[in-house]
Each structure stands twice: as structure tokens, then as C-alpha cells.
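J.: Sending over a structure as C-alpha cells; questions will come in a sec.
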Amino acid sequence: MYSFLLASTESVDFGAIFTDLALILIVAKLAAELFERIKVPAVLGGIIAGIVIGPSMLGLIDPSDAMRVLAEIGVIILLAEVGMEMDLTELRRVGKASMLVAIIGVVVPMSSGVLAGSILGESLNASLFLGAALAATSVGITARVFGDLKALSSTEARIVLGAAVADDVLGLIILTVVTRIVQQGSVDIAGLASTIGLAVGFLVIAGSIGLFVIPRIFAWVGIRAVSPATIGVLAAGVTFGFSAAASGSQLAPIIGAFIAGTALSRTPQHDRIARDFKALGSIFIPVFFLQIGIDTDVTKFFSSHVLFVAFVLTVIAIVGKVVAAIGARGTNTDKILIGIGMIPRGEVGLIFASIGVAIGVFNDDLYAVVLLVVLLTTVITPPLLRWRIQSAVDAVDEAEVLAVTDEPAGGWIRLEDGEIHLAGNPPASLTLALALEVALHASTAQPTEPLLDWMHAHRSVDLEWDYNTTQSLFDLLSRGNARSWRFLEVTNVIDRALPEIAAAIRARRGDASELDPTHSAQMPTLEALRQRNSRPNLEDSALLFAAFVLDFSEDKPAVAVIDRLVLPEDVAQQTRSLVLATDLLYGAATTEPYEHNPRVMAQLADFLGSPLMVERCRMLTEARGNLEDWQYPVLIDITTGVQELLAHPELIEGLENSLEAIRRRDAMSRTSDPAVLDRLQHAAAVYILAHEPDVLVRHATLVEPAPRNRTARVSVHQTSTADEWEVNIATKDMRGLLARICAVLAERGLEIMSADLATWPDGAVLDSFVVRSLQKPNAAQITFELERRLKKRLDSPRRLISNGSAKLSITLDNAAHPWHSVVTVAGADQPGLVQAVATAFAKANVNVHHARITTKGDDIADRFEVSTRHGRKIGQQSLKRVTELLS
């Protein structure tokens, strides 16, 4: 079989394919980051980057069939995401003005484009595709500018975004018909009727299956699936299956992908699927955009014929969309602003162009023409929108704001026939309260124009939280949906009331694959919790608030949100504990190989404090997803162990009966020595939780009386494991203490398995090591050699990384532990490694609180819990210093 595989792949240069793919992905992300920073759509960055690395300029990548296949996969995922973001309910509610703008915005550019193509001497097929490419509108670029200028709630923005929703559907229907006509090679009445009939028939049949069958299948599979990855894989299979069905019906595969996306958006697991598709799209969609640039012959941009045709079609593209604003006649809106908002072609026009090339309609000249039109309309729209919106803002007469009225008997907000109405003119101070109330209703009803106008008029009012609005936020977390959060986003409420969340949403948008910025507020963890408990009560508020924070914690937990809200102190503290503890629990459950770690269980028990909080932490960790099959039993094992530690009725009676307090009292009951009792009384909670009462008494007895400077006491005890010994060392704290002890143990030939450190306010230290040795270590010799080292200067750390070739990797994780930073040293084992690392920590002024030494064959993975001298988590600068000392 192996020889068959070799023979079947001899003609394929996998090395070249993987090199091209690596270069494309890296360049795509760099271009997206750069262009987002200079306020240019990332889509353009991808195309330009493709041109630069393609044969037209640097020649780093040549066009290849393999990359085109990957680009085609990217297009399929792209259209599936468009379908998932399509709200069919909103499509029915776009309103007369939006629908007219969409229809005019499709008919005028397309008919003008077909006519212009014919006049300019192009074939009928090419002219049809030119017209179709001009009919498309990109909602993402316009929505992003409206959002940046806090104008998403304006009537103009609502009309443009509504028209763009209808435009997507109309554009795909046009693409279907045009593609069939071109492939048939005729435009007779009978052929046209059969084409339209086939297209409509496919849309009806596939749409019916997608809307009524697919959600039921996913609901059935979701209940029975063991692996969390099953849903995502099944969704991808459905998407590619629908694409294949469309292709088999002689339609564009993206039609099937779009319908699959609309079906998947109605499944119970739509948030999980959207998250999986976004991860998949982040790999394949950039390939599509860069492939467009790679396939482009940039010399065509300097052809007078290409430039002339592109100029004519760009004028048609702009005028045709501006004229579409006539559809908003009768509304009190800025028609020019609506027309400008419809101009950009973006990714939709690019898809049309790529299909035109694939079926042989477009030659290199026409491909370059469409690309230029897309680039120009996409580039000019943002500055034109900013100019027009800013002009309108400057022209607003603040005196025209209506006078505040008294609150009506039925309240400010009323629901009538599926619509949300504003009664009267409330004071600006109620903006946040009313916005949250409307957002909750918006999950099932439609805000009316006067209500949205009032929100737009108060888009710059400062918002402050109080107890009532925080309670309203909890209600929204419990019962709201995507439309609720979309309302808060378009009315600029999230940006003002929850700036940390707004920043996370903006970060999500810095992606060429994010087509519609109004769909960036996805909360998969919160949705997963709500699926498990459809009616959360106020007692679960900490759990929901923690999920809310985690869903918007891209790089670090957005716990500042908790400080901003007005929560009861116990709820706020529980929320913080859950956010931090879930990282600790997730880290323990996903560490491979898994080791039963009583220390982690003790830390979780003390940090969470009650069985109820442990169960909430487990639910939160599981709801976050991304757990592999083998990690679920591990998660249960850890939480069961924590629950066993807390399995005492008195634990939930009060803080004085916490697990730490009970264990401390248990240890103190085993001795009558006043000095030892005092030592136990003042020991750190984490240290108390990490050891059994008998061990605590033994340690405290060794420490008393407190050792003098540069002296030590050592005791050695057999552990339950053969050839492993517990070495306890009591001494006075000093810089580099751990490094000096490790040096002595290494000299004695003792292999360190783990290390735990406890300190007291008077400077006394108890370092407890588990070491491996065939013979019982000699306590007297260890004491003598250690005291000798305590009187000497600290040695420089031995160099572990040299000649530019890293033997070890040193990583920092500030999310894996609630109090300390976790530094992991992994790589090839070598003599004196722990001593060298401990010395580097000391030289870098980093305190070590606990160490776990793991050796597997010739490799090690040592984990150190560390902090600064002031007890805070360390940063990258300290890690860099440690690395430099070892290199």
C-alpha cells in the first residue's frame, strides 16, 4: 500500500504546494493587519498582497491547480458564512424602501453594464457577466464605516443594510441564471424559461430540505453525538454536499453553499457551527483573495483599453447605485448617503469575476477590468461615507430635539402586532435602560422607525450602569438572542456602556472573512449554557456573567466588565472566581499526559469554596467547548475530586468553615507546642491546602524555632512510591534559595521530581522536595553542603541554549493559574537543568512558589508557578530576562 501511495503521488510536488500555502497564509495575515491599521478594507489587502507575491511582481508564487482548489474551498466557506449570517426574518422585514433600493440597485447597474459591454464590443456572454458583477453590493465595508461613525442606527444605514440583505439574494439568483445562459450558449425564450425554472426549482427544493429537514437532523445528532467535533464536521459535509448538488444541477456551487448556510443558521448548534466555520475560513478564505491577485496580470492595468473600459464601468457602477436611492423616496433621509452606501462591490464582485474566468467568459483583460472596478468602488466608498455622514452631523441643529414628555401610563415601551413602539419622548438619562428593554423585545419583535430615530438622536449620550440596568442585562443574557445584541450594537450602546466588549468585537472584525460586522457579537459559551438550562434564574447570574466575559476574552479575561456593572458583592466575587478558575480547570483537564494532581484540586476547592461553585465551574469549562473526547472524563475526574474535598456539610456555612480553615484546625489539633501552633496559624492558605494535616505538623516542627540566617535543618522521609523520598528543608529566605538547594541536591545525585515552597512573614522558609534515589538521602550531608552554599555568592546560571539552536522552549501562561504565572520549560533533558532554571529565576527577580518536574524518556516538561517579588504575575519582559540568562 505504501508503494502505491508513493507511485500515485510522484507527479505531485507536495513540498511546493505546502510552501505556497505557508507563504499565502502568512502574507495574507500580515496584509490584513497592515491594511486594517490604515483603515483600508482587508479584502483589498489580500488582493494587493497576491499581486505582489504573484508572477506579476516578485514571482514568489506561480498559479497552480492545487491553490485554485483551495481557493474554491474558501469561496464555498465564504458563501456558507454569508448564508449563516442571513436572517430570513429580517429579509421579510427590510421594508418597502430597502427592497426598492435593492431592486433598482440591481436592475440599473446590470442593464447598463450589459449595454456598455455590447457597445464596447464585448460578446453577449461577457456583457451579461459584466452586468452581473456590477449588480452586487458588499455590505461589510459599508456597515463597518457606519459603525465606526456611530451611525448604524440611522435611517440611512438601516435602509442600506436592509437593501444589502435583499441584494445578496437577488445577486445569487442573477448569477444562477446568467451562468446557465452562458453555459447553454443561447438566450432564446425557451432556454431562458428552463434556466429560470431549474434555478427556482433547485432553490425551492434545496431550500425546503435546508430549512425543514437539516435543523431536525442536527437536533437529533446533537443529542446523541459523543464528540463535540461531530456537529462541525457534519455541517461542513452538508455544505459541500449542497455545493455538489448545485454543481450537478449545472448551477454555481456557491449557490448550494449559500442555501446550506441559511439552513445551518436555523440549527440549534448554529453558534458552534459559525465558530467552527470561522476557524476553517480563516485558513481557506485568504487563499481565495490572494489567488485573485496571483492570477492577475498587473501589466493589464496599464493597457489603455483596460483603463478605458474600467473607467466606463466604474462610472456605471457608481451612478447605478447612487440612482438606486430613488427607492427611498418618501422617507426623510439623505438619498446621496444611501446611494454612496450601496457603491462598494467587494468580495461579491470578485466571486462573480472568478466564476467568469472559470467558465471561459472573461479573458485577462476583462478580469483586470472587473478587478479594477471592485478595487476602485471599494476604496472610494469609505472616505465618501465619512464625508457625507460627518457633513450631516455638522448640519444637525440641536435645538430641533423634541422636548421631554411625561411617562405614559403604560410605560415608555409598548408591544403591538410584533412591533416595538416608543410612547412619548423619554429623557436622555433613560437611554441605557430603554435600550436594554427594547433589546430584549427585539428578539421576537421589530423596533419601529420612531424608536430607532430616538436611539440615533441619543447615540452620543454617556451611559452609566446601576442596579436596575444590570438586572436588565442579566435578563438579556438569559432570554435575548443575536437580534437583541445586534440592536445594541447598531444603536452604539455596547460601545458606550461596555467598551471592553466593543473592543473585542472590533478585534473580531479585523478579518477579511468577516463580511458583516453586525454579526460579530456571537457568544458560544453563553449559548451552550442556555441550551443546558433554558430558564436560568437569578442564582445563576454569576455563571452567565462569567460566560459573557469569557466569550469576549480574546487574549485576556475582560474582567473589567464586572467592575463596570453594579452587581451584589457576592455575585461579583463569584463571577471573578469562575472566570479565573475555569482557566485553571481547563488547563488541568487538557494537560497531556493527565496526572491526578491533589494540589490543583485543593487550589480549586479553596478558590471556589462550595460544591455549587465547583459545579458551575465545570459547566462553564464544558460550555467553552474545544475539549477532546478523552478530556471530558478528565474534567469529571478533577471536579469529582474537588467535590470530595468539599464534601462536608459545614463547608457552605461561612468563610470560617472553608476547607482551608478546617484543614488548618485539624493540623493544629495534633500538636500542643505553642511555637508550632503559631507557625501553622500564620501559614499561607495555598500551602495548607497542598498538604495533609500530619505533614503540616511535621513541617512546622522542623521550621521551629525559625532558622538563623544561612543555616538550615533537613529531614528525609520515605514516600509511598519506591525509591522516592521527601526531603524537607527549613531555612531563612534569601535570593536564589531554590537555585542553591537544587545545586546541592544535584551534587548529591538526587533527581528532583517536584518542589513545593512555603514562606512565613518572619522570613522562615520550608522547601519540600520529592526526589528519586536508590538510597535514602543523607540529611546531615545535605545540611552541611547547603549551609556552605548559603554563605557563597549565587553562581551564574549554566547556559542551556547556545549557538542559536534552542534545546529548550520556555513559555509563559498567565491564564492557567488564578494567582501565579506558569512558566513551562520543555525540551531535551540535561544535567543540572532545574538548578540552572532556578538560578535564572533568581537573577531575574522572579519568585518560585511551586515546581513540577516531568520527565518522559529523554525529554522534560517542567512547570514552575512563579510571581514577581511583590506577588504579582510576571510579564514577557521577565520571561525574556530568564531566557537571556539561559542562552
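The values are calculated or read from the model by the stated rules, or taken from the named source; none is laboratory data. Since this is a predicted model, take the numbers as computed values, not measurements. Cβ placement follows ideal geometry from the backbone for every residue including glycine, while neighbour counts extend to all protein chains displayed. Ligands, DNA and RNA are excluded from the accessible area calculation, which covers all protein heavy atoms including side chains. Shrake-Rupley method; radii C 1.70, N 1.55, O 1.52, S 1.80 Å.
J.: For the range 821-860, which positions are over 32 Å from the mean Cα position of the chain (by Cα), at positive phi and open to solvent by less than 50 Å² (accessible area, probe 1.4 Å)?
T.: Hit for the range 821-860 is 832, nothing else.
J.: Tell me which of these residue 653 doesn't satisfy, since it passes every other one: (1) open to solvent by 50 Å² or more (accessible area, probe 1.4 Å); (2) within 22 Å of residue 542 (Cα to Cα); (3) in contact with a helix residue (DSSP H, G or I) (Cβ under 9 Å, 6 or more places away or on another chain); (4) modelled with pLDDT under 80.
T.: (3)
Quick grid of which residues meet (1) of a type outside the set (S, T, N, Q); (2) within 30 Å of residue 59 (Cβ to Cβ); (3) more than 22 Å from the chain's Cα centre (by Cα):
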residue	(1), (2), (3)
209	yes, no, yes
230	no, no, no
272	yes, no, no
279	yes, no, no
282	no, yes, no
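J.: Look at the range 445-482 and say how many of its residues are touching a His at 6+ places or on another chain (Cβ under 7 Å) and polar (S, T, N, Q).
T.: 1
J.: Pairs please, first residue from the range 414-430 and among the basic types (Lys, Arg), second anywhere and at pLDDT 85 or above and open to solvent by 40 Å² or more (accessible area, probe 1.4 Å), Cβ atoms under 7 Å, 6+ apart in sequence or on different chains.
T.: If the second residue must be at pLDDT 85 or above and open to solvent by 40 Å² or more (accessible area, probe 1.4 Å), the pairs left are 414/421.
J.: Let me ask something else. Just the residues that are open to solvent by 10 Å² or more (accessible area, probe 1.4 Å) and on the phi < 0 side of the Ramachandran plot, please, taken from the range 861-877.
T.: Selection gives 861, 863, 868, 869, 870, 872, 873, 875, 876, 877.
J.: Among the residues in the range 309-323, are any modelled with pLDDT of 85 or more, touching a Phe, Trp or Tyr at 6+ places or on another chain (Cβ under 6 Å) and part of a helix (DSSP H, G or I)?
T.: No.
J.: Just one of the numbered conditions (1) surrounded by 13 or more Cβ atoms within 10 Å (Cβ to Cβ); (2) at pLDDT 75 or above is not true of residue 674; which one?
T.: Here residue 674 meets the rest and fails (1).
J.: Restricting to the range 244-270, give me the number of residues that are assigned to a helix (DSSP H, G or I), closer than 24 Å to residue 525 by Cα, open to solvent by 30 Å² or more (accessible area, probe 1.4 Å) and at pLDDT 80 or above.
T.: Adding up the residues that qualify gives 0.
J.: Going by the structure shown, is residue 613 open to solvent by 30 Å² or more (accessible area, probe 1.4 Å) and at pLDDT 80 or above?
T.: In short, no.
J.: Of everything in the range 700-737 that's among the polar types (S, T, N, Q) and in contact with a helix residue (DSSP H, G or I) (Cβ under 9 Å, 6 or more places away or on another chain), which residue is farthest from residue 838 (Cα to Cα)?
T.: My answer is 701.
J.: OK, next. One residue is enough: does the range 86-95 have a residue meeting the conditions crowded, with 17+ Cβ neighbours inside 10 Å and at pLDDT 80 or above?
T.: no
J.: When the residues of the range 97-117 are filtered to those that are closer than 10 Å to residue 127 by Cα and aliphatic (A, V, I, L, M), which remaining residue is most open to solvent (accessible area, probe 1.4 Å)?
T.: Filtering the range 97-117 for residues that are closer than 10 Å to residue 127 by Cα and aliphatic (A, V, I, L, M), the one most open to solvent (accessible area, probe 1.4 Å) comes out as 115.
J.: Quick check: is even one residue across the range 288-307 over 28 Å from residue 382 (Cβ atoms), in a helix (DSSP H, G or I), open to solvent by less than 30 Å² (accessible area, probe 1.4 Å) and in contact with a Leu (Cβ under 7 Å, 6 or more places away or on another chain)?
T.: The answer is no; no qualifying residue exists.
J.: Name the single residue, out of those in the range 712-739 being without any contact (Cβ under 8 Å) to a residue 24 or more places away in the chain and assigned to a loop (DSSP other than H, G, I, E, B), that is most open to solvent (accessible area, probe 1.4 Å).
T.: 720
J.: Now a separate question. So which residues in the range 765-777 are under 16 Å from residue 702 (Cβ atoms) and crowded, with 21+ Cβ neighbours inside 10 Å, if there are any at all?
T.: The answer is 765, 766, 767, 768, 769.
J.: Enumerate the pairs (first residue in the range 201-215 and buried (at least 17 other Cβ atoms within 10 Å of the Cβ); second residue anywhere and of a type outside the set (A, V, I, L, M) and not in a helix (DSSP H, G or I)) with beta-carbon separation below 7 Å, excluding pairs fewer than 6 apart on the same chain, so at least 6 apart or on different chains.
T.: Sorted first by the residue in the range 201-215, then by its partner, the pairs are 202/249; 214/267; 215/266; 215/267.
J.: While we're on this one: What is the number of the single condition among (1) part of a helix (DSSP H, G or I); (2) more than 23 Å from residue 567 (Cβ to Cβ); (3) open to solvent by 30 Å² or more (accessible area, probe 1.4 Å) that residue 471 does not meet?
T.: Here residue 471 clears every test but (2).
J.: Quick one: how many residues across the range 411-442 are open to solvent by 20 Å² or more (accessible area, probe 1.4 Å) and within 29 Å of the chain's Cα centre (by Cα)?
T.: 4
J.: Please enumerate the residues belonging to the range 775-797 that are under 50 Å from the mean Cα position of the chain (by Cα) and not in a helix (DSSP H, G or I).
T.: 793, 794, 795, 796, 797
J.: Looking only at the range 745-761, decide whether some residue is assigned to a helix (DSSP H, G or I), over 30 Å from residue 609 (Cβ atoms) and in contact with a Gly (Cβ under 7 Å, 6 or more places away or on another chain).
T.: Yes, the conditions are met somewhere in the range 745-761.
J.: Does the range 579-587 include one or more residues that are charged (D, E, K, R), at pLDDT 70 or above and open to solvent by 10 Å² or more (accessible area, probe 1.4 Å)?
T.: yes
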